[in-house]
Every structure is written in C-alpha cells, then in structure tokens.
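In what follows, a structure is listed as structure tokens, so that the remarks can point back to it.
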Amino acid sequence: AYAKLSWWLALKEPERTGALARLVESRVFEWLCISVILVHAGVTIVLTDWEVAHLGEEKPDFHTELEWAFVSFYTMELFLKFSVHRIHFFCNEDARWNIFDLVLVTIGLADLVLLGQGTGSGMNLSVMRSLRVVKMAKMLRMLRVMNFFRDLRLLLNSMLGSFSSFFWCVLMLIFLLNLFGLVFVQGVVTHLGNTIQGSPSPEQEELLEQFSSVMDTMLVLFMATMGGSDWGEVYHLLSVIGGAYALLFIFYISFFHFSIFNVLTGIFVEKAMKLAQPDRETMIVERRKQEVLEAQELWELFDAMDTNDSGLINLEEFRDFVMHPTFRRYLGLLDIDVKDAQRFYEMLAHINGSADAQVDIGSLVEGCMRLKGQATSIDLHTLMWEMRGLSRFTCDSFGDLQTRVKALESRLRRPPLDELYQRVCDGRDNVRLEGSPVTRPSPFPTATTSRGTCL
C-alpha cells in the first residue's frame, strides 16, 4: 500500500500538446467557465426568489431545462479536462479543484435525475435541494486566474489556514466555560437547597431557568461574554447567591476580555501573517517587474548621459555625468557606490566583454544590474571557485615553466662547441650531436692523416 501511495504521489504530468490541450489550458476557456458560473449563480438567485414567492406552485419546465443546460456545460468541461490530463486529472496541481468539480457535477446530475423520475422520497429530495448550494462554491475557481481577486484569495487562504487554530481555541473555550459553569451551578444548587421553602420566588425561578444545568450555564456565560445578553443581568442574579460568586463572575468577564480574547487575536494574526506571504509565482512576477523598472530608469539616465545620441558612452561622458547628484543617488538606491569613475567604467566594460573605448548603453545597464546589491553567498562561492581554478592553473603553469627551465639548464651545461670539434680532430672521441656526425665548414685547407681529418 505504501509503495502504491508513493507511486501515486510521484506521478508527474508530462507537457500536454495539441489543439485540445491548448484550448483547455487557455485563458479564454477559463474565462468562459467563470462566466457560465456567474450566470448560473444569478439564475439560481432568481429561481430561488421565484420559489419563495410562489410557494406550493409547480415550477415551470424551463427551470429544469436551465439546470440541465448548466449541468451539461459542467459535464462537458470535466470531459474535456479529463481527455487532456487523463489519469493526471486526479493527481496534478489542480486535482483538488477537479475532484471538487466532479463531486458537484455528480450531485447535480443525481438531483436532476431524481427530480425528473419523481422516485425519490421527500427526505432525499430535500437533501438534494440542500446540496445545490454546494455548487455555488465553484465560483472560487475565479481566484486562480482573476488578478483583481488577489486580496480576496489572501483572505480566503488566511481563513482556511486558521481552521486548526480555531479548533484548539474552541476546545479551550469549552474547557473554561465548563469550569466556570460547574462552579456557578454548584453555587446555585447550594443556595436554592438552603433557601427554597415551598414555592420558589421569582428570583429563584429565574435562577433555576438560567442555571438549570451545566450546559445552560455555559450558554449563559458564552452569551454574556460575546454580547448575546447583558452581563449585568447575570451579575445581579449571581449576587443573590453570594458576593463571592458575583466577584468570580466579574473576574470571568475581565479574564475573557483582557486575556483570552487578546491571546486568541494574537494567535490568529500570527497565523494570518504567515499565510499572507505571497506565493512563488507572485514573487517572481513582482521581482521581474521591479528589475524591468530599474533597468528602464537606468537606461533613461545613461541615455541622458549620451550627449551626441550615438548610443555609445565613452569614458569622458561617463566621468562627467557620474558626479551628477541624481545619478549617484539612484546608484545608491541600487547599493552601488562609485568612488573611482574610470575604474567603475572599465569594470562595466570588462563585465560585458567590451574592449573598445566606447560601450553601448545596453551593456552599461546590464553591468549595473549585475553589480547592484550586496554580495550574496553564491557570489562568494563563485569567487572562491574561480580563485581555486586560477590557483590550479597557476600551479600547472609554474610546474611546466620549471620543467622548461631545467631542460634549458641541462643544455647550457654541455661542453662548448669548440672543445667538441677539437676532440673530433684529435680522434679522442667519436662525438655526435643529435645522431649526426659533427661537421663544421672552414675556409682553411684540410689534410688527411692516419688519425683523421683536421683543420
């Protein structure tokens, strides 16, 4: 089972191609579905108002026909998506929405079939009518494509993400309400057991009505805390059974308002702040927009620097303009501090591989964009990697140079050439240089002797 689950979770949908895939994944198709959902919502509101105004009357046939039309469109939408994604329809990034849509379409079809056949019981039809409301939740699909719903999507994600905190907060409130309710009920029981004689008085009857059980007492305390009832009335009732219980009730109200509510608010705010972080795609888009805006502003500054409208900036133009306050302030915003204009210009030219006396504006903009900001960890590691490569290259070059120097030294230590010729003439050695007999042309006549030829 674990292996099958791992296989299922590891499924990755390949890239879909073809006309049908382009149609289903297009924004036009998405907006068409959203438009149909909005129209369906409006029609549902109108039909519901008609049912309220005409209670007991039979619905016209076009009501059912409209519902069939919308359900048929939703079914066609699911069929097209399943035809494109196939098994990945249930395991891709939109699997939750796909399953949700499949459930809604199934409910809609079952509702229409039961209403058309008239075989369902009254309870079943009532349940199916109630489930129609669930179909309106499909409007939330607009949050994925409608950029102007981004704030609403943030609120929705915050609310959904706070459900776990809400669950534990409810458990804590139940515990506290049960604790205080148990104390107050025991106090009321003790008071009424000691004071009631015969028929109860109006105050005792009201005590019995408000604090008849622990659950009723918890409800009274909750309503007094949340504004459902005036807590002053509850205070006057509890003051009858004793001042200690009245003071305990005041402590309960103060504790909830000044401690519990602030703690819960802090927990929910912290949870919402964590969930309010923009998603990865939004961060990428915003960062790209910021980079484009900065590059455009740099281009305008360098374009103003180009006095002859040639599209090229030389060192003189750059040095004259770099001292301008506006240019220096903008470079300061990019965390670029220019202290030596000539060196900075040469560095920009070197970054873009330009060895000319003039550099085009695009290259200068690209160089400034690469130099902006503080050095990051990847910059430091890149520098370390380059230094290691340079160190290895230097060591290899030095080793090769040392080998060549040693070879040169060995050649320089050979006997002089005149001495070699003298040895040949004397016949003391049969010396050969590089595998050939030593010959040396001479203007003097030669003589042949028994010992050899000499000058």
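The values are calculated or read from the model by the stated rules, or taken from the named source; none is laboratory data. Since this is a predicted model, take the numbers as computed values, not measurements. Virtual Cβ from ideal backbone geometry, glycine too; neighbours counted across all protein chains shown. For the accessible areas, the whole protein counts, side chains as well, though only heavy atoms, and no ligand, DNA or RNA atoms are used. Shrake-Rupley method; radii C 1.70, N 1.55, O 1.52, S 1.80 Å.
The figures follow:
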{"quantity": "Those residues of segment 14-42 which are among the β-branched types (Val, Ile, Thr) and open to solvent by 40 Å² or more (accessible area, probe 1.4 Å), in sequence order", "calculated": "Thr17, Val28, Val39"}
{"quantity": "Segment 196-211, residues that are surrounded by 13 or more Cβ atoms within 10 Å (Cβ to Cβ) and not acidic (Asp, Glu)", "calculated": "Ile196, Pro200, Ser201, Gln204, Leu207, Leu208, Gln210, Phe211"}
{"quantity": "Qualifying position, being part of a helix (DSSP H, G or I), of a type in the set (A, V, I, L, M), more than 24 Å from Glu15 (Cβ to Cβ) and open to solvent by 30 Å² or more (accessible area, probe 1.4 Å), among Val52, Val105", "calculated": "Val52"}
{"quantity": "Answer residue from segment 303-337, given it is open to solvent by 70 Å² or more (accessible area, probe 1.4 Å) and under 23 Å from Gln290 (Cβ atoms) and is modelled with the lowest pLDDT among those", "calculated": "Asp337"}
{"quantity": "Filter result for Glu93 (open to solvent by 60 Å² or more (accessible area, probe 1.4 Å) and modelled with pLDDT under 80)", "calculated": "yes"}
{"quantity": "Within segment 221-238, considering residues that are in contact (Cβ under 8 Å) with a residue 24 or more places away in the chain and within 18 Å of Ile260 (Cβ to Cβ), the one most open to solvent (accessible area, probe 1.4 Å)", "calculated": "Phe222"}
{"quantity": "Those residues of segment 184-219 which are over 22 Å from Tyr252 (Cβ atoms) and of a type in the set (S, T, N, Q), in sequence order", "calculated": "Asn194, Thr195, Gln197, Ser199, Ser201, Gln204"}
